[in-house]
Each structure stands twice: as C-alpha cells, then as structure tokens.
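Input: one structure, supplied below.
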Amino acid sequence: MFRYCRAIALIYMLAFINSPTLAQDKKFAGYVASASPEATNAGVEVLEKGGNAFDAAVAVSLALGASEPAGSGIFGQTVMLVQPKDGEPFVIQGSTLSPAHIPEHVTRDQLVGGHTASTIPSNLKVLSFTYKNYGSGKLSWKDLVTPAVQLYKNGFVVGPFRYRAFSHYGMGLKGQKAAADIFLKPDGTAYQIGEVFKQPLMAKTLARIAEKGADDFYKGDIAREIESDMAENGGWITYDDLANFKDPKIVPALKSNYRGYEVISLPPPFGGWIMMQILNILEAETPKAINEDNAQRRIALLNAMRLGHGTRAHDPVPNFYDYDDDISIKLSKEQAAKMLDHYKNGKGGETTHFSIVDGDGNAVAVTQSIDNYFGALVAHPTLGFLYNNYMQSFRLKDDGSPYVLKENEMPLSSMTGTIIKKDGMPVMVLGSPASARIISAVAQVTSYWIDVNKNIEKAVGAYRVHVVPDDQAYIEGPDISNDLLSGLAKYGYSLKRPAYGVSDSQYDPYFGGVHALAVENGKWHGAADPRRDGLAKAAWK
C-alpha cells in the first residue's frame, strides 16, 4: 500500500511540474531562492536554458560571490546537501582545511583576521566537481561562470541589506589598502543604496577561471599568485596546500524525523545534528505548546535551543570523521525526552544560503561562506577576492574536543542546509547564514511550517528567537509581551537585543537569512528572507 501511495504522490507531483500554467503554456523548470536577485536570476536563466539544479547551483554560487560579496566568494567554503531525483540523499562535503604547516605559539588574533586567518578554500573545487559529475551536459562550464563574470564587470545596484553590510562591516577593510580600494569608494566611504558596485579585478580573475577551469586556481598561475601574496604577508597557505587539496567527498546525509516528516541535513563538522536535536526536543513537547506563534512557543523554542547548543558546546561529537554511533545516541527521541525532563525539573559570520529544485525532481540546499562579514578583511591585490577567516573556528587550548587547532583539519561550521521529505518526496528545502543562529533559524522555520502554518512565506517571515548556553535570550520583533517576560524569568533568561548595526526595521539579519522552497497545495513555492536583499523565483521553459 505504501509503494502504491508513493507512486500516486510521485505522479501527482510530476503532473504539476510538467503542467502549463494559466498564464503561459510552459513547463515548470524549477525554483531558486537566494540572497540576491542577481544570483536568483542567474540560476533561473540556467534552468530555463535546460540546465538542471546542479548547473544552476554553480551559477548561483558564483553570482552570489559577485552580488553579496560580504558573505561568500571563491576563497570560501561551499557545502551541498543533495536529494537527487532518484536514490538516497547525500552531501558534497566541501569543508575547507587548515594549512599543512602552522607555526608554534599561534595567537587568537592571527586566527581572526589577516592572511593567517584563512583555511584552504573549497568553493571552486566543489563547483567544478559538481559540474563534472552531476551537471546536465547541456551547458558548458563557461556558460555557468559567465553570468558571475558579467556581474563582477557591470556591477549590481546596492540594496538595503548590502548597504548596511558595506557601511557597518566594510569599514574594517580600511586596514588593508587592497581591500579598501575594491570595496570602499575612493573617498573611503561605503557604497550607498542605489549605487552600482563593480569588481573589475574579480571579473578578470573569474574570466580566466571560465576559460581554464578551476584547476588554474589550485594548480596553475592563480595558485602561484596566491602563494606569493601569502608569503609576502606572513600567510600560511602555500602552493602545495592548494595543489594537494582534494576533490570533495560524497558522504551520507544525516537523517532524522519530526512529527511524521523525514529531516535530512549536514553531518559533522556542520550543524545539522544540533538542528535535529532541537527539533527532537520540540517534539518532546506537546503539539499544543508550539502550534501557535505566541509566547509559549517562543519559550519552548528557547529551551530547545539552549539544550541543543549546550550539547554542541559541552558534549560535542568527538570525531568529525567517525561519528555514526555517537550521532545515533544524540539524535534518539529518548535522549531528547530525557534532556527536556531533566531541564524542566532542574536548573536550567557571515554566510549565505540558497535552495534550488528543478523540473526533474532534483533538490539542492547549498551553504557557502567566507566566515565573518568580509572574511579576513584582506583581499588579494591583483586577483581581487577576499580571503576567508575560518581559522578562527579552531580552539587554541586542547580541551579534548575536535575543535582544537591542528594541521589539515576541518574547521567547526554551523552550516545546516536541510531538506524535509514527506512520504518519500521532498517538500521543503532551506538553510540560512548567521553563525550559530543558522541552526536556530532552520529549526524555527521548519517547526513553524510543520506545526503552525504550511505557508513558507509566513514561516520565513515569522519573528525569531535565539539563545546559546550563556542564557542570553535574543528576541526579534517590536513587542515583548508580559507572558514572554514571565517565561524568560521562569527559566533564568536575560533579555538581549542584537547590537550588530545592520538592521533598520523590526527584522534583523542577526537572526539569519533563510531562503526556502516548499510544496504547498501540490506546487512549489519560494520565500526569500525579508532580512536580506534576496529573491525567490520560479523558472519556466
């Protein structure tokens, strides 16, 4: 009976996907939700030319580097969660790595900014691997890279969120002339809303990569230029680090379930398992406690986040490579119920994400980053890209966790690309930027869509909360009700408001930037987070 129902569901979904709309006699080609209109349009154009979700992911990723430069770029990290049209979900594991040689007596300042803060980048390695192994074959590598080249060359019109990133965090670029010359105006001020921002150096660099492929970045002349800049500025990445950086591994996705839905997300060193544990703790609550967007739900969310983020801080997965047994315990429903019962009876960077589905049934959730806003706050003087600062994710003190600074090690990451399935079919694709708030944002939007209202725009637009084990509860929105204040006091929270300087409304980018797709009434719908400048758009051919 189950196989029969699943077959009917598949026929129903494919019937929608291939059916014309009333407005146009065209076939559904897919949907893209990303953090910039320019990147979304690049992905939609690829889908409408016959490309699949993997082709579109290459184009969107590179276009985001051009149009949301504070959040990602070719010297960053990219990870893809994939639900193929047939078969099991998997992860294209694109973690960066620390350099092969790290000096003794490293200081925290060296890991936070400057040339020493960078890990070996994975972005172009992941995109090239994806194109070669999963692309449709209908478009060339150059076809997929060229939209980003044009964006770098012709520029984009600065929107409200990108203006705030430039004006607040961009001022930190004044410490290095190469970065300041690229990302600030000649008079040292930030680009304003409505002004056009261009990156001619990156246009030339990416045009070279479009012609020669990603190998030029890792083993060719570009790699030599990176080594030279690193050596001149005391950086630790060498030509050998780039040349020996391997293709990403294909690893199984983590699986869990939440109120009858299958939840699929990223394994360690990423944050998927924490998001799943938060959902498990929410499930241990009665549905009545979280099925309305009210103070009771917000307190339940904060309690689940406090416990989940606490596990990550104080009882982490001990190994980033061999984690199956430990994960199975941490993600058990029994463990979640015990955690919640004990809790109630005792004492209590910046990133970007995009989601894509195509008309064939492939779904990808892609998260990429250079870590902090504008990464390490230094740029290559002739190639034009910003270096990442993922080295700051390592701990200098050996506390027995896998987070300790080592050579050729993966940094801790909160990336939490997620796909939700029902009866074997994908029904939601989502993820977010915002460091540890990624995990909180994805859990909240997932729970809202399942528990409160199956409307993806409302789920993404709902006000959010966040807490980590320091007990400081961050609350979004203009009003704090008496019921919420009472709940905060009951569980020992102190009320905090973000002071990050990039909000000019009731929505705050501090709480993430979820770009999501969901099936509602048999059709895919998209939502771009109102906290960012993004766009969700369908493709037709």
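Each value in this text was obtained by applying a stated rule to the coordinates, not by laboratory testing. Everything numeric in this text was worked out from a predicted model, so none of it was measured. Ideal geometry is used to build each Cβ from the backbone, glycine not excepted, and the neighbour counts take in all protein chains shown.
Express in nm, to one decimal, how much length is gained between N453 and D479 on full extension, taking 0.36 nm for each residue of separation and deducting their alpha carbon distance.
7.2 nm
Starting with the fewest neighbours, write out V465, V32 ranked by other beta-carbon atoms found within 10 Å of each beta-carbon.
V465, V32
What length, rounded to one decimal in nm, is gained on full extension from R224 through to R259, with 0.36 nm per residue of separation minus their alpha-carbon distance?
Contour length minus the Cα-Cα distance gives 7.4 nm.
Would you order L396, L151 from fewest to most other beta-carbon atoms within 10 Å of each residue's own beta-carbon?
L396, L151
Multiplying the sequence separation of D423 and R497 by 0.36 nm and subtracting their Cα-Cα distance, what value in nm do you get?
Result for the pair: 22.6 nm of gain on full extension.
How would you rank 301-310, 282-291, highest first, on the average number of other Cβ atoms within 10 Å across their residues?
The most tightly packed comes first, giving 301-310, 282-291.
Follow-up. What's the whole-number percent of alpha carbon pairs in segment 28-175 lying beyond 28 angstrom?
28 percent
Could you give the spread of the C-alpha atoms of segment 242-398 along their three principal axes, from largest to smallest, in whole angstroms?
Cα extents, longest axis first: 58, 49, 35 Å.
Would you list, by chain and number, the lysines whose Cα falls below 18 Å from the Cα of K458, excluding same-chain residues fewer than 8 positions away?
Result set, ordered by chain and number: K523, K537.
Now for a separate question. Take the Cα radius of gyration of segment 288-370 and divide it by 2.2 N^0.38 Å, with N its residue count; two decimals is plenty.
With N residues counted in segment 288-370, Rg over 2.2 N^0.38 Å equals 1.46.
Hey, another quick one. At 25 °C and 0.890 mPa s, what whole-number value in µm²/s does Stokes-Einstein give for the translational diffusion of segment 404-473, with Rh from the Kirkwood sum over Cα pairs?
After rounding, the answer is 177 µm²/s.
So what's the chain giving for Rg/Rh, alpha carbon basis, Kirkwood Rh from the mean inverse pair distance?
Ratio of gyration radius to Kirkwood radius for the chain: 0.95.
Per residue and in cubic angstrom, what volume does the convex hull of the Cα atoms of segment 384-541 have?
In segment 384-541, the Cα convex hull volume per residue is 215 Å³.
Which FRET efficiency value, to the nearest 0.05, do you get for K212 and Y463 by plugging their Cβ-Cβ distance into 1/(1 + (r/R0)^6) with R0 = 45 Å?
Between K212 and Y463 the formula returns 0.40.
Distance in nm between label sites at D315 and E104, each 7 Å beyond Cα in the beta-carbon direction?
Label at D315, label at E104, 3.8 nm between them.
What are the lysines whose alpha-carbon lies under 23 Å from the alpha-carbon of K333, with same-chain residues fewer than 8 places away excluded?
K255, K288, K344, K347, K421, K422
Which lysines, on any chain, are close to K177 with Cα under 23 Å apart, when same-chain ones fewer than 8 places away are left out?
K153, K185, K198, K204
Quick one: net charge around Y373, please, counting Lys, Arg +1 and Asp, Glu -1 for every other residue with C-beta under 15 Å from its C-beta.
After counting each charged neighbour, the total is +1.
For a footprinting-style exposure proxy, rank R532, R208, R259 by other Cβ within 10 Å, fewest first.
So the residues, fewest neighbours to most, are R259, R208, R532.
Something else: When only alpha-carbon atoms are used, what values of Rg and Dmax, in angstrom, describe segment 329-443?
In Å, with Rg to one decimal and Dmax whole: 18.6, 60.
Quick one: give the max-minus-min coordinate of the C-alpha atoms of segment 50-96 along each principal axis, largest first, in Å.
Principal-axis extents of segment 50-96 (Cα, largest first): 35, 29, 11 Å.
Same structure again: Enter the Cα centre distance for the pair segment 467-481 and segment 269-289, rounded to the nearest angstrom.
One Cα centre to the other: 18 Å.
Shifting gears a bit: From the mean inverse distance of alpha carbon pairs (Kirkwood) and the Cα radius of gyration, derive Rg over Rh for segment 123-208.
Using only Cα positions, Rg/Rh for segment 123-208 is 1.08.
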